[in-house]
Each structure stands twice: as C-alpha cells, then as structure tokens.
Amino acid sequence: MSPVVRALLAALALALTLGGCAGVPTSGPVVAAGSESTIADDTANDVNPDPPSRGMTESQVVEGFLDAMMASPIDFDVARQYLTTAAADRWRPEQEMITYDQVDTVEDSRRVLVTLDDAQRLSSTGAWLGRLRETEQTIELRLVYDDGNYRITNPPDAHLVPVNWFTQRYRQASLYFFDPTGSILVPQPVFVPEGTTLGRSLIDGLVAGPGPGLATVVRSYLPVGVTADVRVVGSVALVDLEASATVTPGYSTPTTQRMLAQLAETLGEDPTIRSLRVTLAGTPIITADGSAEYAVGAAAGVGPNGADPDTGLYAVRDGVLARRDGRELVPVAGAFGSGRTRVGLAAVDLSGSRAAGVGLRGRNLLLADLADPADGTEATATQVLQGERLLKPEWDFAERLWVVDRTRSGAVVRVVRGRQVREVDVPGVSGQDVRSFLVSRDGTRFLAVVASGDGDTVRVGRVESDPEGAVVSVRATEVLVPATSGQAIDDIAWASPTSVTLLSTVDPSFSEVRTIGVDGASGTEDDVRPVAGPLLGLVGSPLPDLPTYGITSTGLLDLVDYDPVDFAGGPPQAVDYAG
C-alpha cells in the first residue's frame with residue numbers, strides 16, 4: 001500500500017470516527033451538571049458529591065442534585081438530601097437510567113427547567129431503549145422553601161448521568177433467555193456496571209426476567225418472583241435462589257437444566273467466573289451428570305449459534321454450489337453440486353446437511369440435500385415456491401427458511417417450515433424496497449435494509465413464535481440505522497449474535513464497513529472502518545472465530561488483517577457461511 005493511500009485511509013478513519021453513531025456513545029467530552037466537573041476525563045475515579053449547603057438558590061439545588069447522581073460507587077443518599085422528605089421517600093431512581101451529553105438549566109419562579117442534550121434511556125436491567133423524544137428532553141423540577149432551604153418536590157424516577165460518566169463505568173454484556181420452544185438461548189444486550197459487582201448485576205437482570213414486552217419472544221425458566229444472592233469464591237459463583245412460591249428443585253429436570261444454562265451463559269459474561277453452584281430454596285441443583293458444579297461453557301449445546309453449527313464457507317460459481325477448501329472450491333454432494341440444478345444464490349442450513357437455492361433467474365426457490373442418494377439414484381432438488389426477484393434466503397436453528405421476494409408491489413416475506421409456506425407481515429418492511437435481510441440464528445430477530453429516497457435504513461423487529469416453533473408474527477420494526485443523505489447500505493452480515501456489520505460505498509475508491517449492536521446502542525461493539533477499493537458484498541457469521549470478509553471482484557478480503565483471498569479457477573458469484 002502506497003504512503004498516499006495509507007494517509008487517505010488514516011484521514012478517512014478519523015473522519016468516520018468523529019462522525020458519530022446511533023446509540024450510546026463511547027467517547028466525548030465530560031460535561032458537568034453544576035459549575036464544576038466532578039469526574040475525570042479518562043478514568044472512573046470514585047466520586048463523592050457535596051451535600052446541599054444553606055442558602056443555595058433554586059438553580060444551585062438542581063445542579064447539586066444532578067451532580068449528586070454522579071456518586072461513584074453508585075449511591076443516592078446525597079442526592080436525596082436535595083429533595084423534600086416526602087419526595088426522597090418516594091423517589092425510585094433505579095427504575096431507569098438516562099444519559100445525556102450536555103445539560104442546560106433555566107430558573108423560573110420556583111421551578112427549574114432542565115434540558116438534556118442527546119438524552120438516551122436504559123431500562124432498569126440496562127437494556128437500551130433509545131433516545132428520548134424531543135418533548136421528553138426538558139424536565140420541569142419544582143421546588144419549595146423548606147426550613148430555610150429550597151428542596152425539589154418532583155424528581156423523575158430515573159438515574160440521570162452524563163454519558164462520559166456512564167461509559168467509564170458500564171460495559172455491554174448479555175442476559176440469556178430461551179426461545180419459546182426452550183431449545184436455544186437468546187442474548188438480550190444490556191449495559192452493566194464494571195467491577196466486582198458485575199456478576200451481581202448480571203444475575204439481577206436475569207431474575208428480573210425479559211419483561212412483559214418480550215413475553216412472546218423469549219422465555220425464562222427461572223421461577224417467577226425469584227430473588228438471588230451471588231457470591232464469587234475464586235472462580236466459582238455461588239448463586240442462592242429464593243422463590244416466593246414453594247419450589248421443588250428436583251435432581252435433574254429439563255426445567256432446572258435450562259435454568260442452569262441461563263445462569264451459566266449469563267455469568268459467563270464475567271471473565272473471572274469459570275463455574276457456578278446453584279441452590280434453589282436451599283436445595284442444590286444437580287447437573288445432568290450428577291455434579292453440583294456447572295461450568296460456564298456447559299450450555300454451549302443450546303447457545304445462540306445452535307448445537308454443533310457448520311463453520312464452512314460456501315460459494316456459488318457458474319451455477320454450482322461449492323464448499324471452500326483452502327483456495328479450492330469443491331462442489332458439494334447432491335443436486336446443487338452436480339451442475340444438473342443450477343442456482344444463482346444458495347443458503348446452507350446450520351447443520352450443513354441441506355441447502356436452499358435460488359434459480360438463475362431469481363424466481364424459483366429450491367431445496368436439496370447436500371448428499372447423494374444412498375441407492376445411487378440421481379440427486380434432485382424440490383421446488384418450494386415461485387417469486388419475482390428472490391433474495392438469498394436465511395435459515396434459523398429450527399430449520400425455518402426465511403424468504404424475501406422483491407415483487408413489483410414491494411417486499412413479500414415468507415417462512416418455509418417443512419412443506420408449509422406462510423406469508424408473514426413485517427411492519428415497516430413488507431411492501432417496501434428491501435435490498436437485503438438477516439434473521440438471527442435463534443429465530444427471534446428479523447433485520448432488513450430498506451431503500452428510500454432519503455437513503456437506506458436498517459430496520460429490526462422481534463419475531464413472535466409459539467411453543468411448537470411456529471412463527472406467529474413479526475412485531476413492528478424499529479429503525480436501527482436511519483437514512484443518511486441518500487447513502488446506500490449495500491449489504492449486511494452478522495458479526496456476533498448481538499451485532500451486525502454494514503457495508504456502504506463512500507465513493508468508487510472507498511467502502512465503509514460499520515459494526516453496530518442489534519439493539520441500536522453503539523456500545524463497545526460499534527466500529528467504523530474504511531476499506532480502500534470497492535466491495536461487492538459482505539460475508540459474516542455470528543460465530544466468534546470466523547472472520548468477516550468483503551467480497552471483491554477477484555475473491556475475498558479479510559476485514560481484520562486486510563489479506564486478500566483468491567480462488568483457483570476464478571472468483572465465485574456468491575459467497576456466504578452456513579445460515
């Protein structure tokens with residue numbers, strides 16, 4: 001790479017980094033709520049806020065209250081001193097957290113208007129809920145004169161903090177629940193405090209449950225109303241669960257084993273924890289093999305990527321489906337590898353045992369096993385449906401095949417399960433111009449790139465299914481990435497179970513590759529990288545050890561070390577991992 005190109009890349013990287021991303025930022029200036037900053041720029045020091053002093057004005061009381069909420073470790077005792085006695089008793093700051101970039105206060109006759117700039121809301125468990133609406137960004141605080149001092153009467157039930165205070169003290173993790181069939185763990189991204197209370201915070205979030213808004217999307221096997229006490233001894237987490245109702249733990253039941261899986265996968269977010277011992281109502285929960293200790297990796301078989309997922313890289317070249325073997329593309333067994341049934345696009349299921357192919361004209365969806373018949377007969381493919389312009393389909397763990405047809409009237413979404421083909425209405429996606437789409441392997445998230453005159457957006461919706469695994473509906477989708485000045489999003493691929501990578505062409509000389517969390521918060525996974533030269537698409541997987549590639553005119557480009565990959569016999573027309 002020439003010095004000129006290196007300089008251009010460095011400049012573009014800086015510009016993209018400063019351009020900002022959706023969600024909770026990970027950097028930015030510290031803005032004090034009061035007259036002086038009480039936190040440092042780069043380190044998460046302890047913060048001991050000042051209590052109120054006599055003679056403070058209304059504005060000074062409000063500023064002191066906002067400063068007091070920056071106590072670190074988190075403690076609301078000083079903040080309550082800025083409230084009336086009645087207000088302090090009923091104030092519940094733990095109900096949600098609101099972060100803000102800057103704050104402005106205006107005093108007006110025993111009330112102070114507090115305006116928060118770029119304010120964003122998180123739930124009591126740390127789930128990112130999005131930006132505050134414009135009408136919510138100004139909070140009216142009323143004050144009374146009480147025993148010679150002004151005190152606040154109506155504090156919001158929220159923990160209000162500057163974003164830099166937040167990013168210095170919180171990290172992104174996941175709580176793990178099950179899909180409605182109880183077959184696969186589903187990650188729910190949250191922000192939790194760093195430090196020795198990490199395991200405690202994770203379990204508190206888990207026992208709180210997914211919330212009523214997700215009751216038909218995921219389920220928890222922890223008893224309703226359970227409380228938890230967590231202690232870590234060495235690398236072992238001791239989890240004591242107490243339930244409000246009488247619970248019989250049992251020696252080893254499907255319910256208790258799923259409970260252990262949820263706890264283990266969630267506590268595995270704490271790198272210091274290697275195993276756990278769990279008691280329920282004072283009785284130890286025993287693993288399926290008779291042990292009282294459960295390793296954090298023992299739930300891998302029901303992890304969000306499925307049990308024993310195929311890690312192969314597959315490509316279509318000249319209508320033939322092949323699997324990568326070094327620089328070689330080796331045709332698969334079965335109809336799609338024989339050349340008798342040619343396809344333009346293909347998706348291999350998570351087990352690597354069969355594939356869905358889109359015919360060369362983009363109209364026919366075909367299914368075929370990736371094996372030759374045992375009786376020596378000719379392998380064949382089965383046509384599932386016909387459409388107008390089919391995008392590459394997507395498999396989830398339950399062998400449900402998701403299909404988007406770009407018809408003249410807009411996108412039509414269908415789910416194929418066995419011999420049943422069902423159309424599913426996806427609000428904000430169905431009937432629109434869809435460029436590409438993804439479905440999470442756990443089958444609970446549907447993402448789509450939707451084109452418009454203002455630019456492409458990425459929308460995400462949660463999938464509702466019944467206990468038998470039939471898709472019931474897809475909820476109203478939300479904008480994950482808004483349209484930006486007509487910019488196109490050329491492709492989308494999984495980067496992890498909770499993040500996706502987006503591809504945009506900046507100009508003919510550069511592409512932009514960006515990674516963002518599926519909840520819309522930028523968090524720790526957000527990343528923007530420029531890539532010299534045009535990319536035709538992305539190849540990505542939620543499996544952590546598989547690299548993300550950009551598709552070039554000659555092959556692939558590893559997007560971590562930027563090493564090119566070419567194939568003997570020439571470049572393929574379509575490349576992807578299983579899924």
Cα-based Rg and Dmax for the chain, where Dmax is the largest Cα-Cα distance (Å): 26.6, 95
Per-bin percent of Cα-Cα distances, region 490-555 [10 Å]: 23, 53, 22, 2
Highest average packing first - 302-308, 70-76, Cβ atoms within 10 Å: 302-308, 70-76
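Sort the following peptides by mean Cβ neighbour count (other Cβ atoms within 10 Å, averaged over residues), highest first: 347-359, 187-199, 465-477.
347-359, 187-199, 465-477
Can you tell me the order of 49-60, 169-180, 97-108, 372-383 when each peptide is scored by its average per-residue count of other Cβ atoms within 10 angstrom, highest first? Walk me through the numbers on the way to the answer.
Working: 49-60: 14.8, 169-180: 23.1, 97-108: 17.5, 372-383: 11.6.
Highest-to-lowest ranking by the protection proxy: 169-180, 97-108, 49-60, 372-383.
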Debye intensity ratio in log₁₀ form over the Cα atoms of region 443-487, taken at each q of 0.30, 0.31, 0.33, 0.34 Å⁻¹: -0.97, -1.01, -1.07, -1.11
Pair D563, R340: separation of 7 Å Cα→Cβ label points (nm): 3.9
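Can you tell me the convex hull volume per residue for region 56-112, based on C-alpha atoms, in Å³ to the nearest whole number?
Once divided by residue count, the hull of region 56-112 is 100 Å³.
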Sequence-separation-based contact order of the chain, relative, with Cα cut under 8 Å and 6+ spacing, percent: 10
Relative compactness, region 409-562, computed as alpha-carbon Rg over 2.2 N^0.38 Å: 1.07
Surface/4 estimate of mean projected area, convex hull on alpha-carbon atoms of region 350-440, nm²: 6.5
Sum of side-chain charges, S485 neighbourhood, beta-carbon under 12 Å (Lys, Arg +1; Asp, Glu -1): -2
Coarse-grained scattering of region 164-310 at q = 0.12, 0.14, 0.18 Å⁻¹, given as base-10 log I(q)/I(0) from a Debye sum over alpha-carbon atoms: -0.46, -0.63, -1.06
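In Å², what does the accessible area per residue of the chain work out to with a 1.4 Å probe? Before the final figure, lay out each step's value.
Details: 25120 Å² over 579 residues.
Result: 43 Å² per residue.
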FRET efficiency, E468 to T115 (Cβ-Cβ, R0 41 Å, nearest 0.05): 0.25
Inter-site label distance for D229 and V421 at 7 Å from Cα along Cβ, in nm: 5.9
Segment D108-E134, extension gain: residue separation times 0.36 nm, minus the distance between their alpha carbons: 7.3 nm
Stretchable slack from R54 to T253, in nm (0.36 nm times residue separation minus alpha-carbon distance): 65.5 nm
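Once R0 is set to 35 Å, what does the formula 1/(1 + (r/R0)^6) return for the Cβ-Cβ distance between D157 and A488, expressed as a FRET efficiency to the nearest 0.05? Intermediate values should be presented prior to the final figure.
Numbers: r = 42 Å, r/R0 = 1.20.
Here the calculated transfer efficiency is 0.25.
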Two-site label geometry, R90 and R389: point separation in nm, points 7 Å out along Cα→Cβ: 5.8
Mean residue ellipticity (222 nm) of the chain, computed from DSSP H runs ≥ 4 via -39,500 (n - 2.57), nearest 500: -3500 deg cm²/dmol
Unit Cα scatterers, Debye sum, region 161-216: log10 I(q)/I(0) for q = 0.15, 0.29 Å⁻¹: -0.51, -1.17
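Considering only the other residues whose Cβ falls under 15 Å of the Cβ of A315, what net charge follows from Lys and Arg at +1 and Asp and Glu at -1?
Around A315, the surrounding residues sum to 0.
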Three-way shape label, region 293-420, alpha-carbon gyration tensor, a/c 1.5: oblate
Charge sum, other residues only, whose C-beta stays under 15 Å from V106's C-beta, Lys/Arg counted +1 and Asp/Glu -1: -4
Projected-area average for region 48-199 over all orientations - Cα convex hull basis, square nanometres: 10.5
Solvent-accessible area, 1.4 Å probe, carbon plus sulfur percent, for the chain: 49
V479-Y145 FRET efficiency (beta carbon distance; Förster radius 56 Å; 0.05 resolution): 0.75
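The values are calculated or read from the model by the stated rules, or taken from the named source; none is laboratory data. None of these values were measured; they are calculated from a predicted model. Positions of Cβ are backbone-derived with ideal geometry, glycine not excepted, and every protein chain shown enters the neighbour counts. Quick note on the areas: whole protein, heavy atoms, side chains included, nothing else; ligands and nucleic acids left out. Shrake-Rupley method; radii C 1.70, N 1.55, O 1.52, S 1.80 Å.
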